[in-house]
């Protein structure tokens, strides 16, 4: 596609429910990142993949958060037993390989936990 | 802990006025610096970046930023704003000790340009 695609655009979950958020990066992009953006804040890093390898997951806030990218393309961010504090916009970004390459962000998934 | 601070949360100015947004980061060694912009209803996009070399960098849409190492600052400027510059602006830092795409963002500055 032309850009990074995320689905669903909006997700409402009841507290305790599991959710799965999908990211389709730009075709051919090796690197993929997940960020969490709370209301009124800047994005916060969650995790980073290079192809299918998860190279950095230092930003995942708890063991309820899990991300995968099994074939090195589409990625899924899963949140188990959602809590109200998980309410945020979840952003995905992708990039070609290389330290001077810019990140291309998707429009995000807005998660509301009631 | 490493931190990124943006001086203003909201800025309102008239068309043709000059814009300067402040950004400071905590000491932490070698850094790569970025400004991202989010226009209403759109995704985050890169305005400009500094990795090394000339500390005055030029970006898209007439924006520029100056890296002052001694002040740990990377302020964004535009001499004359337009109504279309209404957006939220984020400063971001990548510390050299981190994964290259691991950015730490400031809280953002909402800029409103009035006609």
Worksheet item: Distance in nm between label sites at residue B:3 and residue A:71, each 7 Å beyond Cα in the beta-carbon direction?
Response: 4.5 nm
Practice prompt. Take the Cα pairs of the protein assembly as shown, get the Kirkwood Rh, then feed it into Stokes-Einstein at 10 °C and 1.306 mPa s and tell me D in µm²/s.
Written response: 87 µm²/s
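With N residues in chain A, what two-decimal value do you get for its Cα radius of gyration over 2.2 N^0.38 Å?
1.00
What fraction of the Cα pairs in the range B:4-114, stated in percent, has a spacing above 25 angstrom?
It works out to 16 percent of all Cα pairs.
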Discussion item. With an 8 Å Cα cut-off and a minimum separation of 6 or more residues, compute the relative contact order for chain B in percent.
Written reply: 37 percent
Worksheet item: If the chain between residue A:38 and residue A:2 were fully stretched, how many nm would it gain, using 0.36 nm times the residue separation less the Cα-Cα distance?
Response: 10.3 nm
Worksheet, complete the sentence: Rounded to one decimal in Å, the inverse mean reciprocal Cα-Cα distance for the range A:50-114, i.e. its Kirkwood radius, is 13.4 Å
Discussion item. Starting from 0.36 nm per residue, how many nanometres of slack lie between residue B:77 and residue B:46 once their C-alpha separation is accounted for?
Written reply: 9.7 nm
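Readers should treat all values here as calculations from the given coordinates under stated rules, not as data from a laboratory. All values reported here derive from a predicted model rather than from experimental measurement. Note: ideal-geometry Cβ built from the backbone for every residue, glycine included; neighbour counts use all protein chains shown.
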